[in-house]
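Colleague: First the structure, then my questions, so here it is.
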Amino acid sequence: MRIMEDSTSVILRLEMDKTIVSFGDVASIISKAGGDIIAIDVIEPGKRLEIRDLTVSMADPSEVTQITNAVSAIIGTRIIHVSDRTFLLHLGGKIQITSKIPLKNRDDLSRIYTPGVAKVCMAIHNDPQKAYTLTVKRNMIAVVSDGTAVLGLGDIGPFAAMPVMEGKAMLFKELADVDAFPICLDTKDTEEIIKIVKLISPAFGGINLEDISSPRCFEIEQRLKQELDIPVFHDDQHGTAVVLLAGLLNALKIVKKSIKEIKVVVCGVGAAGIACSKILLAAGVKELIGVDKDGAIHRSVVYENSVWNEYASLTNPQNIKGTLSEVIKQADVFIGLSRPGVLKSQDIQQMAQNPIVFAMANPNPEITPEDAGRYVRVFATGRSDYPNQLNNVLAFPGIFRGALDARASTINEEMKLAAAKAIASIVSEEELNEYYIIPSVFNEKVVPAVRKAVIQEAIRTGVARKTPREFKDIF
């Protein structure tokens, strides 16, 4: 069942010529257009011209245009601007930098800055590892993007990408107390991006790559992981993969199938699709077929995209060819990371008994729950208005919290697998059902569980350079 979205409200800043039109006339027009005035603020009173802010509520966001057009048509009125709650939240940005230490007198100044800071600088100069204890590096992540693959918006550039990166930084802080700063680069050049990130890395304890288009994202991440000694994590790939695996582990419990015996079809072989495929293979899946718009990826051809050639060597063990509708026959699981409408109910009917469908295209999934209907046993999407939202927010805050606390040099496959299992474990056997396979992003148990699992694997696999106190009795 789909959850209805909340009503929308906007603020109309309106100039009225009171000699031509009355406020009652305006209110009547707004009501007829589907709006409900819930607040009125006089901004600039006047005998003839008056400016007011009208907060207007409506049941459907699409009615905003209808209402503004109706008000604009009223003789004697002029709409100065329209703001909704989302825009108001973004005024001046969503994050800020604040001081941890008060600066109240000359003595404070001498210790925070010159001359006292010099001895701290020299301590780090003599032992660079002290940067982790004496600077923000210990708890600071760079959220880096070039704005070429933003959400469902595509290549919108670094300026327009900033609100997303600010939001990511805010999620890091609010959910895991990780400090993060958005860095949007005005270049699409792979080598330039790698060079810039390397040059700024001394200030950061980790790098979160975000919304960088494929296939450039693969080389950027791979090179940075090789050339830096701090964790580098491309969330569009690995955050998606971790949450996907967490959901699938619980979905398989419901249908009582083993991960080693299922047939999986992954639709969409981009950055996320490849990462999801790799984590599923690492988790034990044996039969996995990747499908792009031209059909199944197989080993009988050489692809221009070298990443696909590697992918073909790892997947599709029977070298099956054909369209999505052909290869999906008797599949136990469909993973969608492509585009709306590619999966049909007829395709699902060809799947194995009790099929699992994860339609993760955003904002519109490969198939809706309404169209999938009774043919699907477990259904999940990336949307918040359907049950079983597979959201990266479940993964990256806890993963980085653990990596920073262990002072890990990298985030390896073992840490990702452990994070997925930790997320899945939050849903108890009593709670688990077709409509609840994954915890809410606001579940306070998620970050601590992921952090613990990541630290344990970092220590076990030898990439931790620090063992937090609570783990010293374990290792």
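The values are calculated or read from the model by the stated rules, or taken from the named source; none is laboratory data. Note that the structure is predicted; figures quoted are calculated from it, not measured. Positions of Cβ are generated from backbone atoms using ideal geometry, with glycine treated the same way; all protein chains shown enter the neighbour counts. Note: areas computed on protein heavy atoms with side chains; ligands, DNA, RNA excluded. Shrake-Rupley method; radii C 1.70, N 1.55, O 1.52, S 1.80 Å.
Colleague: Kindly indicate which of SER277, SER258 is polar (S, T, N, Q) and either outside any helix (DSSP H, G or I) or open to solvent by 10 Å² or more (accessible area, probe 1.4 Å) (or both).
Modeller: Answer to the check: SER258.
Colleague: Shifting gears a bit: Can you say whether GLU304 is charged (D, E, K, R), part of a helix (DSSP H, G or I) and either in contact with a Leu (Cβ under 9 Å, 6 or more places away or on another chain) or farther than 22 Å from ALA246 by Cα (or both), as far as the supplied structure shows?
Modeller: no
Colleague: For the range 245-255, check the following and say yes or no: at least one residue is open to solvent by less than 20 Å² (accessible area, probe 1.4 Å) and part of a loop (DSSP other than H, G, I, E, B).
Modeller: Checking the range 245-255: not a single residue is open to solvent by less than 20 Å² (accessible area, probe 1.4 Å) and part of a loop (DSSP other than H, G, I, E, B).
Colleague: Taking the options VAL342, VAL307, VAL378, name whichever one is in contact (Cβ under 8 Å) with a residue 40 or more places away in the chain and closer than 27 Å to SER440 by Cβ.
Modeller: The match here is VAL378.
Colleague: Do we find that ASN105 is touching a residue at least 12 places away in the same chain (Cβ under 8 Å), farther than 30 Å from ALA39 by Cβ and either touching an Asp or Glu at 6+ places or on another chain (Cβ under 7 Å) or open to solvent by less than 90 Å² (accessible area, probe 1.4 Å) (or both) in this structure?
Modeller: So ASN105 does not fit the description; no.
Colleague: Could you please find all residues in the range 16-64 being under 14 Å from GLY76 (Cα atoms), open to solvent by less than 40 Å² (accessible area, probe 1.4 Å) and either in contact with an Asp or Glu (Cβ under 9 Å, 6 or more places away or on another chain) or in a strand (DSSP E or B) (or both)?
Modeller: Correct list: MET16, ASP17, GLU50, ILE51.
Colleague: Turning to a different aspect of this structure: Say we look at the range 280-304 and pick out the residues that are among the β-branched types (Val, Ile, Thr) and at pLDDT below 95; which of these is least open to solvent (accessible area, probe 1.4 Å)?
Modeller: Restricting to residues being among the β-branched types (Val, Ile, Thr) and at pLDDT below 95, the top hit is VAL301.
Colleague: Let me confirm something: among GLY270, GLY290, GLY284, GLY247, which residue is on the phi > 0 side of the Ramachandran plot and touching a residue at least 12 places away in the same chain (Cβ under 8 Å)?
Modeller: GLY284
Colleague: Are there any pairs with C-beta distances below 9 angstrom linking a residue in the range 130-146 that is among the hydroxyl-bearing types (Ser, Thr, Tyr) to a residue that is part of a strand (DSSP E or B), with the two at least 6 apart or on different chains, and if so which?
Modeller: SER145/PRO182; SER145/ILE183; SER145/CYS184; SER145/LEU209
Colleague: Considering each residue of the range 433-458, count those that are open to solvent by less than 40 Å² (accessible area, probe 1.4 Å) and more than 21 Å from ILE279 (Cβ to Cβ), and give that number.
Modeller: 0
Colleague: Give me the strands (runs of 3 or more DSSP E) completely within the range 126-230, filtered to those with at least 2 residues that are open to solvent by 40 Å² or more (accessible area, probe 1.4 Å) and modelled with pLDDT of 95 or more, ordered by residue number.
Modeller: 179-184
Colleague: Right, here's the next one. So in the range 74-96, with the set limited to residues that are assigned to a loop (DSSP other than H, G, I, E, B) and touching a residue at least 24 places away in the same chain (Cβ under 8 Å), which one is farthest from ALA39 (Cα to Cα)?
Modeller: ILE95
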